[in-house]
1. With THR756, THR742 as the choices, which residue is within 27 Å of the chain's Cα centre (by Cα), buried (at least 16 other Cβ atoms within 10 Å of the Cβ) and modelled with pLDDT under 90?
2. Of the conditions (1) crowded, with 19+ Cβ neighbours inside 10 Å; (2) touching a residue at least 60 places away in the same chain (Cβ under 8 Å); (3) more than 23 Å from PRO438 (Cα to Cα), GLY606 clears all except one; give me its number.
3. Restricting the stretch 196-234 to residues that are at pLDDT 65 or above and small (Gly, Ala, Ser), which is farthest from GLU459 (Cα to Cα)?
4. Would you kindly identify the strands (runs of 3 or more DSSP E) lying entirely within the stretch 661-758 that contain at least 1 residues that are in contact with a strand residue (DSSP E or B) (Cβ under 8 Å, 6 or more places away or on another chain), over 30 Å from THR769 (Cα atoms) and of a type in the set (Phe, Trp, Tyr)?
5. Got at least one residue in the stretch 482-495 being in contact (Cβ under 8 Å) with a residue 60 or more places away in the chain, touching a Phe, Trp or Tyr at 6+ places or on another chain (Cβ under 6 Å), of a type in the set (Ser, Thr, Tyr) and part of a strand (DSSP E or B)?
6. What is the residue count in the stretch 510-528 for residues that are farther than 18 Å from ASP592 by Cα and not aromatic (Phe, Trp, Tyr)?
7. Looking at PHE270, PHE290, PHE333, PHE301 in this structure, which one is within 25 Å of ASP381 (Cβ to Cβ) and in the same structural domain as PHE393 (by TED's automatic domain parsing)?
8. Quick one: which strands (runs of 3 or more DSSP E) sit completely within the stretch 344-445 and have at least 3 residues that are farther than 20 Å from GLU476 by Cβ, in contact (Cβ under 8 Å) with a residue 40 or more places away in the chain and polar (S, T, N, Q)?
Amino acid sequence: MQTRIFTLLLIFFFTTQLIQAQITGKIIDADSNEPLEYATAALYNTEGNLITGVITNTEGIFNLENIKAGTYTINASFMGYTSLKTDAIKVNKKGETINLGTLKLTLGSQLNEVLIKAERSAVVHKIDRQVFNTKTYQNSEGGNAVDVIKNLPSVTVDGQGEISVRGSKGFTVLVNGKPTQGDASAILAQLPANALETIELITAPSAKYDPEGKGGILNIKTKKGAINGTFAQVNLRGGLPSIEDYDTKVPAQRYGIDATINKRTDKWNFSLGASYQRNDKTGRREGEMFIINQPENKTTFLPSDGERSFDDISYNGRLNLDFTPNENNEFSFGLFAGKHTKERLADIVYYDNHAVSPIGSNNRLYTFEYYNHNLRVRKGDFALGSIDYAHTFTNDSKLSTSFLYEYTFLGGPTENDNLGHPDNSIIYQQEYNTNDNPLYGTRFNLDYQWKPFTFGTLETGYQYRDIDHTGEFVYERDGILVPEFSSDIELKRKIHSGYAQLTAKKDKWDYAAGVRVESMDRTYTEALKSETTPNVYKYDFVKLFPSASLQYTVNDKTKLKAAYSKRVERTTTLKMNSFAEREHSEVFEQGDNTLLPEFIDLAEVGITKKIKGGNSIYATAYFRHVDNVINRVNTLAYEASGEVIDSIINRVYSNVGKSNAIGLEFGATLKPTKNWTNNIGANIYNYAIDGVLNFNHRDGVERTYNIDSKSTIYSLNLNSTYSFWDNASVQFTFNYLSDRNTAMGEDSRFYSPNLTFKKTFMDNRLSATLQWQNIDMGLLNTNEQRITTSRSNQFYTTTNYVYEVDMITLNLSYTFNTVKNKSKFIDSEFGKREF
């Protein structure tokens, strides 16, 4: 019986294959050999009448089906490229499949920069991602990639500089499609905004990508060239003196320079770049804290106020060399090295500090004032290199491999001095802690792509990643080693993973499905300086990470889509260090040596629609579930004896349970007039955390804290641009983030309005951009954020961070010729995550 069924299925399969003839092929850029998605393949008969037409998929592949016997030609076209007409194609019988191979289109000689700028959409929606044109965001010019992405719908940057995608701070950054494992803010801060071409937001990534990142993936693509030649560009940035100094000891400095030179021939592509950026930020910190000591029936109050500023300096050099001996082989070699230093100064006066007893009374036990000098320096010296090779076979299948090695040295001291006030010569306590964190990382990728079926492309691959991160923490008080705060730690992590991914197109349907299997082994070792035997904590897993996406084209203007992806957010080494570190006067900070990674389920459904006059709208509903949520939680600090420390709380990183986010993302491009374009993005979601924190304090007692928090959060990003002439425009942007809940409190709303004027000169080779950032004029509460945490009958803390407003910056960019940039550089895989 089974044999008969199998035979019938075979007959049915081969019969269906013989019903209709097909013509297939691939359309690519003749210069870069990259596939052209959404290119058009139109079929004409010998009389020149249009028979049918299709657009290419993400791989540039088209498939014309249901073709009758006859003689035809195909016209391949794409906006900005010269159309290509094939020779006569003869279809003789039904069931015949004719593969035209690769059709190469060249960029049209009549296309100029003004036309591209006028016609190119601010956002393009694909089956698994949104692609944003960085030229839309003039307010970012002269800055870095952070200044660009904060304008994207559902992306927010808060007062602490932390970036979130749909409310999640965990996401992965790719640079030109290459994975990085660094801290997102640090990676993006190193990339000059002027060097970016597009940013792809992949909210539900497929199995071919690393499964890291709660919020999905940001793929940063640098500018690419169109023809052979030499490209050279220099960008200068200078900031005017601060309008408000916030009583800071040293004025903020903002200036920078980055330069790129790119030489391209038919076979060679050489890129050399260097950047120096200084981006200081002044501000103040206004705080209030009280701690309730129930056993002693006492409440301690600690109001404070003072400077909180940042000095941020980074410089680096980048080299990349590509060699393409023929259309089937490509070699690439890259080097990247540099330094990054970020100094956070918090010089705070703790005024009118006092304790009352009993609780709730006005009976002061004492009144005390002191001055706290707290300087935290974070340094990162890094050097990495990569080698890549790709081979394209005659059947258009492709094999590619990549190897990356990274060395990063992390470190930097923290000074914490408690001094008299107003007499700062009185020394109550001086603390100093530092750490040396050398990190060694390796990554190897092997990927293969081919088309074993007529209906789709199959991609498979293997990846190996290894990290060895060692840390030595030395803590001194009044020049004497404090053994309970001094420790050695080491994290070793090995990951093996493999994936299979099928991508296909059928009529109006685009679909992709895949699965990634990953094996991770993690060994974390830590020991106090006073201990001879270290503690070892092991954790490993073998898990599947499936993904699927589906898109249906209703018509030329409307598309529907749905997607699912399973993700993981791994732990950093510092968040696993369970030994307390004196972060500043009123906070111990420590991690959890058994910290588990977060596991995430992402699902979304959406619609995109084009409207007349270049207008468009889209909406996406999404759901994100997270297990093993990692949160920063405040608890009371206890002495080894079990007594409450009246003036210090514990800041703990730990797994606190699970969270759910259900939201709706909305975006629109509106053009009321030819010269006025508005890009609007909004996001609203309900976020809920539910769990329990079990934490061992310094007194050895495990205490349990219930976590239950939920709220509705929304954000708005507005970008409005008006063009006066072909070479001048003004742009207003507004970024707003509402109040939002945390595991034990609330972060306040945060907003920033900005105004930019841009003009180009010398046939667009020179551009000048004048920026007015964080507009306030003494009338608004721009660039301020209040962070509050509390626990009933234990403590209450609230801190208002007031950062610099009304910042004026001038940016100049000069391009030495009109050949576009083809440079591409590697970036950090491991170290920047730990920075």
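1. Numbers: THR756 fails: modelled with pLDDT under 90.
Going through THR756, THR742 in turn, the sole match is THR742.
2. (2)
3. Filtering first and then ranking leaves ALA232.
4. Details: elements: 676-696, 702-725, 728-737, 740-742, 745-747.
It comes to 676-696, 702-725.
5. Yes, there is a match, as at least one residue in the stretch 482-495 is in contact (Cβ under 8 Å) with a residue 60 or more places away in the chain, touching a Phe, Trp or Tyr at 6+ places or on another chain (Cβ under 6 Å), of a type in the set (Ser, Thr, Tyr) and part of a strand (DSSP E or B).
6. Kept after step one, since they are farther than 18 Å from ASP592 by Cα, are these residues of the stretch 510-528: 510-520.
Now drop any that are not not aromatic (Phe, Trp, Tyr), which leaves 510, 512-520.
Of the residues in that region, 10 qualify.
7. Numbers: PHE270 fails: within 25 Å of ASP381 (Cβ to Cβ); PHE290 fails: within 25 Å of ASP381 (Cβ to Cβ); PHE301 fails: within 25 Å of ASP381 (Cβ to Cβ).
None of the other options fit; the residue is PHE333.
8. On the way: elements: 364-392, 398-411, 414-420.
The strands (runs of 3 or more DSSP E) meeting that bar are 398-411.
The values are calculated or read from the model by the stated rules, or taken from the named source; none is laboratory data. Just so it is clear, the structure is predicted and the values come from calculations on it, not from any experiment. No Cβ is skipped: glycine too gets one built from the backbone with ideal geometry, and neighbour counts run over all protein chains shown.
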